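Working notes for the structure below.
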Amino acid sequence: MRSSNFLPVGNEARTMGAMGRPGPSHVDDPVAFGRRVREARRAAGLSLREVAFPGCSPSFLSRVEIGARVPSPATAAQLADRLGVTVEQLTGRPPGNRLPGAELIAAEVAARLDEPGAGARLETMLARARELGDDRGQSRLLEALGLLAVEQRRDARAIALLEDALAADPRATPRERPALHRALGRAYAGSGDLIRAIAVLRSAFDDVAGDPPDVALMAQMGTYLANAYTDNGDFAEAEQVLAAIISHEAELAPGNAVRLEWTLARTYSEQGKLEIAESYTRRVLARLESSEHDGLIGRAHAVLAGVLLDQHRVEEALMHLDTAERLMTDASPVELASLSLDRARAALAAGDIDRAEAFARRALDQSGATEPGNEGTAYGLLAEVELRRGQLDEARFLCRQALDRLSGTTAPLYLRSVYETLAEVEERAGNLPAALAALRARPTAVRTLP
């Protein structure tokens, strides 16, 4: 009597089909199924004997891998579990109420690569997933659409999509779907809601830092969280997060070490600890130059340029800005806006107010309302330009514009600078009470790390 753990294939299956008994229907093709089993086993580094279990002997498994046997659905499911893959990946057939896994992955990759029509394809598949009641498929498609919205700086849409993705699949934990949680934190930060951004990223960081800690994800989540804390002026909290990551430094992959040191540079820079920030940024440059990754090297030069400008080392900063612009050929509009803002700062420091105005207005065109922090900084620089020209009414108006955009979206250090410009405007206008009010409205001195 035939064992129940496999079904006939090949000539035997075809003969049974001709007699009215169908062959195996839970796999797309026995030979393709066997090939996938073999590839999954080898990818896991397992022998036939290590994979075998009661009802699926090494000899039977060997015949499965050459397409001579097909295990029953229950045995195929147990085999997939031992190989660490889904049963759909092995059988090539989705369950009746799910989208095909291969189709989902292809759509997600197309969206990540920003292929034409990727968004419309995701929307069409999302409608199908809803018809099938495929909650997990819906969640993944909502996430993919949310990631597109984040890259397009459509933060409100991204938040709605990503929150829906989380609600659709309770299994979408930070360990299983880290990109979803990172993107949601980024979207909240981009919308100016730093408190919600911190809450999302803090929860994700605590999850991946739990026992057993996932060090790579700790570095990813932690650097985003530390940046959010830094933007909110919570430097002590940023330090605690970074210290937790550093405690695992020996386990960090090189790419995560770069990300960590870059965040440290930014945190110290925004506290005014510029020598420490410069030290960390130069370490980042050394790491990146050894990897010859032009885009990342360019971004590191841009960070260092900002640190040098804060120290009034304008000529050195300009050299790094030149290098950054040359290397950042794939830069986003937001990154280009940051470069323009630093060009404007350098021009102001050199006394070239016309050039400063041109760069500040270019930054407005490059980022605009999609990036309130950059927009507010640009208005603050334009206010300084008009102050130097003696146009006090215009400078006052631009200060108000800057404060409106910057409040709740950037570190207190930058907000203080605009209030100080406004105070100087009012002092020159002879309105000393208003000047004093502007100084009193400045955020309190930023907290420093011990």
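Nothing in this text is a laboratory measurement; each read-out follows from the coordinates by a stated rule. Since this is a predicted model, take the numbers as computed values, not measurements. Ideal geometry is used to build each Cβ from the backbone, glycine not excepted, and the neighbour counts take in all protein chains shown.
Rounded, prolate or oblate: which one fits the stretch 332-450, using the alpha carbon gyration tensor with axes a ≥ b ≥ c (rounded when a/c is under 1.5, else prolate when a/b beats b/c, else oblate)?
oblate
Each residue of the stretch 78-85 in turn: what ³J(HN,Hα) in whole Hz from Karplus with 6.51, -1.76, 1.60 and θ = phi - 60°, glycine and Pro shown as x?
5, 5, 4, 5, 5, 8, x, 10
Give the Rg/Rh ratio for the chain, taking Rg as the radius of gyration of the Cα atoms and Rh as the Kirkwood radius, to two decimals.
When Rh is taken as the Kirkwood radius, the ratio is 1.12.
Given bins 5 angstrom wide, list per bin the percent of all Cα-Cα distances in the stretch 70-155, short to long.
For the stretch 70-155, the pair-distance distribution reads 3, 15, 22, 19, 16, 12, 8, 4, 1, 1.
Order of 234, 310 from fewest to most other C-beta atoms within 10 Å?
With the fewest neighbours first, 234, 310 line up as 310, 234.
Whats the longest run of the chain with zero trypsin sites (Lys or Arg not before Pro) that are DSSP loop and have at most 11 other Cβ atoms within 10 Å?
Answer from the scan: 172-450.
Between residue 124 and residue 436, what is 0.36 nm times their sequence separation minus the Cα-Cα distance? Round to one decimal in nm.
106.5 nm is the gain from fully extending residue 124 to residue 436.
Where is the GNM fluctuation largest for the chain (alpha-carbon springs, 10 angstrom cutoff): 382, 274, 113?
113
Whole-Hz ³J(HN,Hα) for each residue in the stretch 175-183, computed from phi via Karplus 6.51 cos²θ - 1.76 cosθ + 1.60 with θ = phi - 60°, x for glycine and proline: what do you get?
6, 7, 10, x, 4, 4, 6, 4, 5
If you stretched the chain out fully between residue 326 and residue 103, how much longer would it get, using 0.36 nm times the residue separation minus the C-alpha to C-alpha distance?
On the way: separation 223, 0.36 × 223 = 80.28 nm, distance 3.86 nm.
Gain on stretching residue 326 to residue 103: 76.4 nm.
P(r) for the stretch 26-105, please, calculated from all Cα pair distances in 5 Å bins and given in %.
3, 17, 29, 29, 14, 6, 2
Collect residues whose amide H, placed 1.01 Å from N in the peptide plane, falls under 5 Å from the amide H of residue 69; neighbours closer than 5 in sequence don't count.
Placed amide hydrogens put 64 under 5 Å from residue 69.
Determine ³J(HN,Hα), in whole Hz, for all residues of the stretch 235-243 in sequence, where each value follows from phi through the Karplus function 6.51 cos²θ - 1.76 cosθ + 1.60 and θ = phi - 60°; x replaces Gly and Pro.
With the stated coefficients, the stretch 235-243 comes to 5, 5, 5, 4, 5, 4, 5, 5, 5 Hz.
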